[in-house]
Amino acid sequence: IVKYNKEEFVVIDTAGMRKRGKIYEAVEKYSLVRSMRAIDRSDICLVVINAEEGIKEHDKHIAGYAIDSGKGLIFVVNKWDKAKDTSINEFTKLMRAEFQFATYAPIVFLSALTKKRINTLMPEVVRVGNNIKNEVKTNVLNDVIYDSYQLNIPPSYKGKRLKIYFTSQTGIKPPKFTFRVNDKGLVHFSYERYLENKIRENFDFTGTPITLQFKNRRDD
């Protein structure tokens, strides 16, 4: 249990998840299972990247699992005191390129050993903690979606065009938005991504995945 600004946080420190040869495979498999369970128990996942080793494929798998589980996500680049040949801006660009599926996640650079920049972590945890349970007023949300729709009206398909009648937030942790439409089969994945981006542009959902659900109005 960690206390920060009069709030209590439960921190679960997982075992390292690196393949280090066959002799470790059984232990690594067990630690991976335990880490997956820890992710399931959590609200926010801190995916720690070793600045010396760089980004590993395994880091992407863990981040992907956290997102699929609907958890808040923060990247923590540790051992930053050892990174001599790159800048924060350069490493940030690399992170964004490698984790294109999580561009909304903040990146914190620090050194657990020297405590350098360690004070930058908890403010992001608090921010993401607020965002995963953030609720948007229905009238404000519908104004944003209406304007976004008018700005980029979807193309017609076989004489039919997607229409959005009403949108509401129907969940938190992670935030979930339900769209009432004329035909959910007309929702192209690129347009769904466009709507998500518009929601993120207008409301602070830094660090949290958001879910979009489409329902036919006639199904009511």
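The values are calculated or read from the model by the stated rules, or taken from the named source; none is laboratory data. What you are looking at is a predicted structure, and each value in this text was computed from that prediction instead of being measured. Virtual Cβ from ideal backbone geometry, glycine too; neighbours counted across all protein chains shown. Protein only, heavy atoms only, side chains kept; ligands, DNA and RNA dropped before computing areas. Shrake-Rupley method; radii C 1.70, N 1.55, O 1.52, S 1.80 Å.
Scanning the stretch 93-112 for residues that are among the small types (Gly, Ala, Ser) and either surrounded by fewer than 18 Cβ atoms within 10 Å (Cβ to Cβ) or in a loop (DSSP other than H, G, I, E, B) (or both) yields ALA97, ALA105, SER111, ALA112.
Among the residues of the stretch 71-90, is any open to solvent by 40 Å² or more (accessible area, probe 1.4 Å), under 30 Å from SER168 (Cβ atoms) and modelled with pLDDT of 90 or more? The answer is no; no qualifying residue exists. Pairs meeting the criteria (first residue in the stretch 64-82 and farther than 21 Å from PHE205 by Cα, second residue charged (D, E, K, R) and at pLDDT below 95, beta carbons under 6 Å, at least 6 apart or on different chains) are LYS79/GLU52; ASP81/LYS116; LYS82/GLU52.
Among the residues examined, THR170 does not qualify as open to solvent by less than 70 Å² (accessible area, probe 1.4 Å), at negative phi and either modelled with pLDDT of 95 or more or in contact with a Ser or Thr (Cβ under 8 Å, 6 or more places away or on another chain) (or both).
Conditions tested, residue by residue: (1) at positive phi; (2) open to solvent by 90 Å² or more (accessible area, probe 1.4 Å); (3) of a type outside the set (Lys, Arg); (4) assigned to a helix (DSSP H, G or I).
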residue	(1), (2), (3), (4)
THR114	no, no, yes, no
ASN119	no, yes, yes, yes
MET122	no, no, yes, yes
ASN130	no, no, yes, yes
LYS133	no, yes, no, no
VAL140	no, no, yes, yes
VAL144	no, no, yes, yes
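Within the stretch 102-159, track down each residue that is of a type in the set (Phe, Trp, Tyr), at pLDDT below 95 and in contact with a Phe, Trp or Tyr (Cβ under 9 Å, 6 or more places away or on another chain). Listed by number, the list is empty, since nothing qualifies. The sole residue among PHE177, PHE203, PHE189 that is touching a residue at least 24 places away in the same chain (Cβ under 8 Å) and either closer than 19 Å to ASP68 by Cα or small (Gly, Ala, Ser) (or both) is PHE177. Only a single criterion out of (1) more than 27 Å from ILE49 (Cα to Cα); (2) open to solvent by less than 40 Å² (accessible area, probe 1.4 Å); (3) touching a Lys or Arg at 6+ places or on another chain (Cβ under 9 Å) is not satisfied by LEU151, namely (2).
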